[in-house]
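Asker: First the structure, then my questions, so here it is.
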Amino acid sequence: MRVDDVKPGMKGYGLTVFSGMKPQRFDVEVISTLHNFRPGQDLFLVRTKHPRLDIARTVAGMSGSPIYIDGKMIGAYAYGWLFNVEPIAGVTPIQNMLDDLRRPVPKVLAPGTAGSPLPNSSRSSGRKPRRPNRRAGIGNIKRFRGDPLKYDADLHAQQVAAHTRPILSPPAGSGLRPATTDVMVGGLGPAAFQQVTEWLAPTGLNLVQAGGGKAKKKTAATAGTSPLRYVDGGVVNVQLARGDISMNGLGTVTHVVGDKLIAFGHPMFNGGIENLPTAIGRVHWILSTQNRSFKIGEPVQPLGALVNDRQASIVVDMNRVAPTIPVELNIRGAHGAPKTNWRFEIAHDQFLAPNFTSLAIGNALKATTAERNDMTWRAKSTVSIAGAGDIEIEDFGAGAGNPIGSSTMARARLTRAMGAILNNPWKMGRITGVRVDVRVVHRRETLALRGAQLLSPEIDAGNPARVRLLLQPHYGEAMTRVIEVPVPASLAGRRLTIKLTPGYRARRLLPTPQNFDDLVQTLPNQHFPGETIVASYALPDEAAATFAGQVAKRLPPGAADALQTTTQSLAPRVFAARQKIVFPSRGYIVGEQSVTVKVRNVLR
Amino acid sequence: MKLRYALIAILLAAGVAQSSDVDAVGTRTFVLDSLDSFKGGDLEGVTISSDGAVSAGYHYGNIEIPDATSTWATLPTATGTLLATGPKGVIFRVHEGKSEVAAETETMAITSLATAFGGDVVAGGFPGAKLFRSAPGAMTGGTLKPWVELPDSEDVWAVAYDAKRKQIFAATGPNGKVFRVDGKGKAEVYFDSEEPHIVSLALGEDGVLYAGSSGTALLYAIRAPGRARVVRDFDAKDVKAIAVVPQAQGGGVYAVANVYKGSLKTPPRPSTTLTPTVSLRRPPTTRAGKGRLMYFDDAGRAELMLKDDKTHFVSLSLDDKGLPVVGTGSEGQIFSVDKNHVKTILVDTDSRQVSSVSLIGKSPYFASSDPVAFHAVTGRGGTDAVWTSKVLDAGMRAHFGRLQWRSDGALEIQTRSGNTAKPNDNWSPWSAAMKTSAVVTSPSARYVQVRARWNRDANAVLRRIELAFVTDNARALLSEVTVGKSSSDSKKNKTVPASGGPLDKPSSKVKLNWKVENPDKDTLRYRLFYRTIGSNRWYAILPSDTTHTTTSYSWDTEDLPEGRYELRVDASDELANPPDRAWSHSLILQQVLVDNTPPVLSALSLVGGRLKGEAKDGLGPVARIEVAPVGGARFFPIFPSDGVFDDAVETFDADISGVVPPTGGGLLVIRAYDEAGNRTTRHVTSKR
C-alpha cells in the first residue's frame, strides 16, 4: 500500500512473536502520518491493541513487525517513545524497506567489502548501476582511523560511535526512542558486560543481559526441530558472537522475498554493505518496564547473513554464510576450575572482531581464574591468517586480585594485532582462527630492578662492561645478578651510558611495513620477549636506517649522509644508532636503571 | 674648567641642500678576479680555478633516475654504465641515453661495484653484507640472488678486484673487517681492524691494498693477510675514498677524509599511516661537512692538497694525467687540484652530491645524488659555456660606467641590472654583447650581473672583470648628539647619583658623540660649533684646517667661561662629492651648561644636635649636602629645608644628633656639591 493511501482511522493488524517462535497478530489503528520523518522517509503513527502491548506499550525487539491494513503490508513497526503511556508506535513504510532490498549487494562478500559505498538500485534511482568500488572496505565507517600498529580498541569504539550516533539518535528533545537494536548478551560477567556496554551503547546497540541460546549449524539432530526459513513476523538474530559467549541483535522479520528478507524497519549500524551472521530465533517473554519494554530471546538456528544495513531496514540473504572467527581459549594452572576450555565464534568484522575477542577472552579468564591472591599469567596466542600463515603473540600480566579482565585484554597485544590485521591500508586480512593458551601461576613473578652497579667503572676497549643488577622479587630476599654487556673496541675513549630496560618495554628496530605481509611479520616482533632485560647504549657517530622492509642497524656517518635526501619525502628514515643486547630474566622486570662506563684506550 | 650640562635638549635639524641635476658620490668599482668572487653565480659549462681563471668547462647530459635517491657507485661495462643506488638496492643501467633497471637486490643500497673474474659484475650492499655476482649481459631487470654472505658483518661498503690473484676484497662493517673472496665464493678475513667500518678500498699496482676506515679515519696499507700499516690517522670521521696513482703517472695515493655535521634523532616507531617517511620541511639532519684531500707519495710523505670547510667530499677519481678529481657532498660540484694546489671547479650541478666521477677515457661521466642523475660528459668548451656572476650589489641605485675585462682569448660580455636582490622580470634584458671594453648600457639600478660567453674562442680564459659605478648621492642625516663619555654615559648622567653615592671627578673634557645615517656610505666631514644662549654667533670648536671624519670628539672646555651653551654638529659629504653636489645636515644640542665654581657654605651652626646653614651655587642647583664626624668612616646625607635639591640656594636645618656626640665639642665635616660635581668642604664644632 502506498503512503498516500494510508489514512487516519484505518484499522489493521501486525505480526510479531510474543513468546516462542510463532508470530501472533495484534491489532493496529492508524493515527496519522509524519512526513519526511527521516530523509526521504515518512513514518506512520499507529496505536497497537493487544493485551500484552497494553501493558508493555512500546517494545524493543518488535522492530520489523509487519503492519497490515486491509490485508496489505504498509510497513514495519520500528520506533517508540520513551516513557510512553499509550501503546503508540512508529511504522517505517514498506516502500522504503523494499528500496533497501533492491539495492545491489556484491556477489562475493569477502572480508573487506563491508561498508563499501554502493550506488542505489537502478529501480529506485532510475540510473544505471555503477560498478562496485574496487577498493571496497578501505575507508568504510568501521575501519579504525589511525596507525594500525597503534590500534586502540577504546578509540576504535569512539570512532564508530561518532559516525553512527548522529544517524541513529532521534532529534534532541523529541523523546523518540533511538532506533537502537537490542543485543542479547549471554555468558558475560558484570565487568565484561560493563565493558561491552561502554563500547557498543554509543554505536546504537542496546545491551541486554540474557541467555545466549544454543544456536548451532543445522545438523541431523536438529533437523526437523527448528524452522527452516524465516517467516514474516518471526524472530531474526544478528549474531555478533556465539558459543560460550554470545551476543545477538534481536529483531523481527518484516517480509521475506525469495531468499532474502527485510527486517527491523531501522538500521543496526547503518553501515551499508555488511557481512554478519544471522539466525532464526525465539522469544522468551516481553519484559515490560516504564521506560521501554523489550523482548528477551535467543537464537535457535543460524541461517543467512546480514548483507545490507540501511536507514529503513536491514537486509538478510539466506543463501549466504558470513565469516566468523573461531576462538579457542585454554587455561592451565587454574586448579579446580570447572571450565578451562572456552570456544566461541566472533563475527568477522573490523570493529567487532578485535573488540569482542578481547572481551570474550577477558571474560573467560576472569571467570576461570578469579583469585584474590597474587597471580602471573602468560598468554600465547596463535592468530591464523588466510594467505599469511600463523603469527604468535605474547601477552602477560602480574598482579594481585583479579588482574585479568576485559579491559586488560582490550589493551593486549592480541587485540592490537587483530585490530591491525583487520584495519590497515592494504587489505582487511581474513583471520581464520585464534587459539589462546593461558598459563596461570598464583604468585607474582616480577623482579623489581632496584639498582645497577658497574663492577669496574672503567674498562679496556674490547672488554665487556660487567654490571651487577640488584633484583627484588615481589616476595623474598633481594638477589644480585651480573651481566656482561659487550662493548666494541671502536668505542675506546668514550663514556657509555648503558640503559637497562625490561624487554617488554624495549622496542625492536623495525622497518615501516610496506604491505600486508610486512605488517603481519611486524606484529609479533615489535618488542623483545617479556621475560628479558635489554641493555642498550648509543653508538656515537653511527646511524641506523629503515626503509621498505629493510633495517640497517649500524651505518657510518658517510652512509647516513648519502641515504638522506632533501628532494624526496619517500626516503629512508635515518636516526641515531643504538646497540641492544638481550638477557633472559626469570620473571618480568619492573623498572629501569642506567650506568655509565668509561672505555679506556688500550695503549699497550 | 668644569662642565655641567642639562640634557633636556631639543634637537633642531637644519638641512642645507645643494641642488644638482645629477647627485653622485665617488666612483667605485666591482672587481672580480678570484675564485670566491667569480663563483656564486651560474657556472654552466665553465670551470673556475682558485687562482681566479674562468675557462670553458664540461658539457654534459642529464638522465634523471627518479626511482632512486642516492648513487653509491658506478661501473662502465660493455652493456652500459651501471649505477648502484639506494634506497631500494637497485642497479640501474644507462645506455644510449636511457636508463633501465639492470637488477634488483633485496637490500637498502648497493654501495659498490667491480668488474671481476673475467668480466662479471660483483656488487656489495647493505644491510646483509651480501655480495652479488652476475654477468653484465645477464642483468636484465631481475632480482639478483646473493653470491656470498660475509660472516660477522652487516654491510659491504667497498669492493676492489685483484686481477693478478683473481680475488676480490670487500670492506665491511660494523666490525671493521676486510674479506678476501675467491672466484668460488670462499670468503676469509683478510684484515680485522679495531674500527667499526672499513668504508673505502683501492688496490695498488704492487698489490698493496689501501683501506680507509670510519670511526677514527685511518688509512691503512695492507700488504698481506693481517699485515697492515696505518699510513695516516686523520683528524676526521672517515676516509671516504682512495685513489692510487699509477707509477707511470708518478705513483702515490690520494685519500679523502671528511668531518660530518648534524645530529641524528632517536628512532621513531614503525608506522603504517602511509605518510611520507621523511619530512622535507625540516632541514636535513646531515649538513655540509668539512673535506680534506691528502696525497701520500711512495715514500709516505703527506701533502694536503685540498681543504674545504664548506663541504665534504664523497667521490674521488683520477684524470688522464693522474691528478685528483673530487665530487662534493653538499653543493654538487666537482673539483680538480693540480700539483701547484690550484683548485678548479670543473662542474656545478643542481644535485646535492656528486657521488661518482670518471673523467677519463672516451666516455667520461659523473653521477649525482639527491636527486639521482647520470651525466655523460659530451665535450668541453665552446659556445654553450656561459659564466654568470653572482648578483653584485651597489648598495643603492647606481649608474654604471665602463666595464673592462682581462682575458686570454676573445670573449663576449653582457650585463643586466635591476632593483631586486634576485633577478626577475623587472630586471633589464641582457645587454648587447660587448667584444671589447665599453660603457655598460644597462640602466641605472642597485643590482647588476655580468656574464661571459665563450662563443668566440672556446679556449679563452677570463681572469679579471672591473665594472665602474657611481651611486646616487644620498644626504647623510644626523640623528642624535649626546654629551658624556659615550652615548650611554650621557643617559646615565641624566639623573643625579643617589645621596651618599660616589660622584664623578670633575673634568673639563667633554665627550661629544653623534649618530648619522649615511645610506650611500660616502665619507663624511664633521664640523662642531658652540655659542652661548641668546647669541647669534657660532664659534668653531675645531680648527678650520682640521678634517674630522669620526662621530665623536673630546671637547676641552677649560678656557670657556661659565654659562649656558648650545652645540651644533654639521655633517657634509663634500669629501666624496664635488662642491656643487655635496649635501650637508646639521643638528643642534641645546642647554649645555659650563660650570667651574663649587657651591659656598655659609651661616653654619651646630647646636644641640641641629645643623643649620646655607649652600649657594653660581649657576646650577645644589645637588647634595652631607656630613660626617671628623675621622668618620662615612658621610650622612641631609636634606634641604624644602626637601628638594632644586635651587642654586638651599638652606638646611637638620637634626643630626645621631651623628654628633651628645656631649658636644665634636668637630663635624660638611660637604656641598653642585650638579657638575664641584665640591666645597667646611668644618663646624658642635655645641650643647
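Asker: Please go through segment B:548-567 and pick out each residue that is open to solvent by 60 Å² or more (accessible area, probe 1.4 Å), under 14 Å from B:N596 (Cβ atoms) and out of contact with any Ser or Thr (no Cβ under 7 Å at 6 or more places or on another chain).
Answerer: B:D559, B:P561
Asker: Just name the residue that is most open to solvent (accessible area, probe 1.4 Å) out of those in segment A:469-495 that are farther than 18 Å from A:S536 by Cβ and within 12 Å of chain B (Cβ to nearest Cβ).
Answerer: Across segment A:469-495, the extreme among qualifying residues is A:G493.
Asker: Filter segment A:496-517 down to residues that are farther than 30 Å from A:E484 by Cβ, modelled with pLDDT under 90 and either open to solvent by 40 Å² or more (accessible area, probe 1.4 Å) or more than 12 Å from chain B (Cβ to nearest Cβ) (or both), then give me how many there are.
Answerer: Residues that pass the stated criteria total 2.
Asker: Quick one: in segment A:60-99, which of the residues that are open to solvent by less than 10 Å² (accessible area, probe 1.4 Å) and part of a loop (DSSP other than H, G, I, E, B) is farthest from A:V46 (Cα to Cα)? Don't jump to the end; show me each part of the working.
Answerer: Taking segment A:60-99 and keeping what is open to solvent by less than 10 Å² (accessible area, probe 1.4 Å), we get A:60-67, A:69, A:74-80, A:89-93, A:97.
Add one more test, that the residue is part of a loop (DSSP other than H, G, I, E, B), and what stays is A:61-65, A:80.
On the way: A:G61: 17, A:M62: 14, A:S63: 14, A:G64: 14, A:S65: 13, A:G80: 10 Å.
The selected residue is A:G61.
Asker: From B:G327, B:G332, B:G291, grab the single residue that is at pLDDT 90 or above, over 23 Å from B:F234 (Cβ atoms) and surrounded by 21 or more Cβ atoms within 10 Å (Cβ to Cβ).
Answerer: Working: B:G327 fails: over 23 Å from B:F234 (Cβ atoms); B:G291 fails: over 23 Å from B:F234 (Cβ atoms).
Just one listed residue meets the conditions, B:G332.
Asker: Could I ask something else about it? Exactly one condition in (1) within 14 Å of another protein chain (Cβ to nearest Cβ); (2) modelled with pLDDT of 95 or more is not met by B:M139; state its number.
Answerer: (1)
Asker: Only residues that are crowded, with 19+ Cβ neighbours inside 10 Å and either more than 24 Å from the chain's Cα centre (by Cα) or outside the structural domain of A:I459 (by TED's automatic domain parsing) (or both): list them for segment A:518-531, please.
Answerer: Listed by number, the residues that qualify are A:F528, A:G530, A:E531.
Asker: May I pose another question? Go over the candidates B:S407, B:S444, B:S417, B:S437 one by one and state the one that is in contact with a Pro (Cβ under 8 Å, 6 or more places away or on another chain) and in the same structural domain as B:S50 (by TED's automatic domain parsing). Lay out the reasoning, then the answer.
Answerer: Numbers: B:S407 fails: in contact with a Pro (Cβ under 8 Å, 6 or more places away or on another chain); B:S444 fails: in contact with a Pro (Cβ under 8 Å, 6 or more places away or on another chain); B:S437 fails: in contact with a Pro (Cβ under 8 Å, 6 or more places away or on another chain).
After ruling out the rest, the residue left standing is B:S417.
Asker: Follow-up question, since we're still on this one. Answer yes if at least one residue in segment A:589-602 is under 29 Å from B:E331 (Cβ atoms), open to solvent by less than 40 Å² (accessible area, probe 1.4 Å), in the same structural domain as A:R466 (by TED's automatic domain parsing) and not in a strand (DSSP E or B), and no otherwise. Outline the logic, then answer.
Answerer: Taking segment A:589-602 first, the residues under 29 Å from B:E331 (Cβ atoms) are none.
Within segment A:589-602, none of the residues are under 29 Å from B:E331 (Cβ atoms), open to solvent by less than 40 Å² (accessible area, probe 1.4 Å), in the same structural domain as A:R466 (by TED's automatic domain parsing) and not in a strand (DSSP E or B).
Asker: Which number in (1) farther than 28 Å from A:A334 by Cα; (2) in a loop (DSSP other than H, G, I, E, B); (3) of a type in the set (K, R) marks the one condition that A:R481 misses?
Answerer: Only one criterion is unmet by A:R481, namely (2).
Asker: Another question about this same structure. Kindly list, by first and then second residue, each pair from a residue in segment A:500-516 that is basic (K, R) to a residue that is modelled with pLDDT under 90 and part of a loop (DSSP other than H, G, I, E, B), limited to pairs with Cβ atoms under 7 Å and residues at least 6 apart or on different chains.
Answerer: Matching pairs, first to second residue: A:R507/A:Q526; A:R507/B:R269; A:R508/A:Q526.
Asker: Report yes if A:V534 is part of a strand (DSSP E or B), in contact with a strand residue (DSSP E or B) (Cβ under 9 Å, 6 or more places away or on another chain) and facing chain B (nearest Cβ under 7 Å), otherwise no. Write out each step before concluding.
Answerer: Working: part of a strand (DSSP E or B): yes; in contact with a strand residue (DSSP E or B) (Cβ under 9 Å, 6 or more places away or on another chain): yes; facing chain B (nearest Cβ under 7 Å): no.
Against the criterion (part of a strand (DSSP E or B), in contact with a strand residue (DSSP E or B) (Cβ under 9 Å, 6 or more places away or on another chain) and facing chain B (nearest Cβ under 7 Å)), A:V534 does not qualify.
Asker: Hey, does segment A:568-586 have a residue that's in contact (Cβ under 8 Å) with a residue 12 or more places away in the chain, over 18 Å from A:P464 (Cα atoms) and away from every other protein chain (no Cβ under 13 Å)?
Answerer: Yes, that holds for at least one residue.
Asker: Just the residues that are open to solvent by 80 Å² or more (accessible area, probe 1.4 Å) and closer than 26 Å to B:A394 by Cβ, please, taken from segment B:512-547.
Answerer: B:K515, B:E517, B:K521
Asker: With the checklist (1) modelled with pLDDT of 90 or more; (2) in the same structural domain as A:A412 (by TED's automatic domain parsing) in hand, flag the one item A:L306 doesn't pass.
Answerer: All conditions pass for A:L306, except number (2).
Asker: Okay, moving on. Here is a list: A:R123, A:R165, A:R134. Which entry is surrounded by fewer than 20 Cβ atoms within 10 Å (Cβ to Cβ), modelled with pLDDT of 70 or more and either over 30 Å from A:G243 (Cα atoms) or of a type in the set (D, E, K, R) (or both)? Explain how you work it out, then say what you get.
Answerer: On the way: A:R123 fails: modelled with pLDDT of 70 or more; A:R134 fails: modelled with pLDDT of 70 or more.
So the residue among A:R123, A:R165, A:R134 that is surrounded by fewer than 20 Cβ atoms within 10 Å (Cβ to Cβ), modelled with pLDDT of 70 or more and either over 30 Å from A:G243 (Cα atoms) or of a type in the set (D, E, K, R) (or both) is A:R165.
Asker: Residue check: is B:S602 in contact (Cβ under 8 Å) with a residue 12 or more places away in the chain and within 51 Å of the chain's Cα centre (by Cα)? Break it down into steps so the answer makes sense when it comes.
Answerer: On the way: in contact (Cβ under 8 Å) with a residue 12 or more places away in the chain: yes; within 51 Å of the chain's Cα centre (by Cα): no.
So B:S602 fails the test.
Asker: Return the residue satisfying two criteria in turn: it lies in segment B:199-258 and is touching a residue at least 40 places away in the same chain (Cβ under 8 Å) and of a type in the set (F, W, Y), and of such residues it is nearest to the other protein chains (Cβ to nearest Cβ).
Answerer: B:F234
Asker: Now for a different question. Being crowded, with 24+ Cβ neighbours inside 10 Å and either facing chain B (nearest Cβ under 7 Å) or closer than 13 Å to B:W157 by Cα (or both) is the filter here; which residues of segment A:545-563 pass it?
Answerer: Answer for segment A:545-563, where residues must be crowded, with 24+ Cβ neighbours inside 10 Å and either facing chain B (nearest Cβ under 7 Å) or closer than 13 Å to B:W157 by Cα (or both): A:A545, A:F547, A:A552, A:L555, A:P556, A:P557, A:G558, A:A559, A:A560, A:D561, A:A562, A:L563.
Asker: Just checking, which of B:K39, B:K2 is farther than 30 Å from B:H375 by Cβ and either modelled with pLDDT under 85 or exposed (fewer than 13 other Cβ atoms within 10 Å of the Cβ) (or both)?
Answerer: Numbers: B:K39 fails: farther than 30 Å from B:H375 by Cβ.
From the options B:K39, B:K2, the qualifying one is B:K2.
Asker: Looking only at strands (runs of 3 or more DSSP E) that lie completely in segment B:608-668, which have at least 1 residues being open to solvent by less than 10 Å² (accessible area, probe 1.4 Å) and within 18 Å of B:N678 (Cβ to Cβ)? So that I can check it myself, show each step before the final result.
Answerer: Details: elements: B:610-616, B:622-629, B:636-638, B:649-655.
Result: B:610-616, B:622-629, B:649-655.
The values are calculated or read from the model by the stated rules, or taken from the named source; none is laboratory data. From a predicted model like this one, the values you see are computed outputs, not experimental measurements. In this analysis, Cβ positions are derived from the backbone assuming ideal geometry, glycine residues included, and neighbour counts consider all displayed protein chains. Side chains included, ligands, DNA and RNA excluded: accessible areas come from the protein's heavy atoms. Shrake-Rupley method; radii C 1.70, N 1.55, O 1.52, S 1.80 Å.
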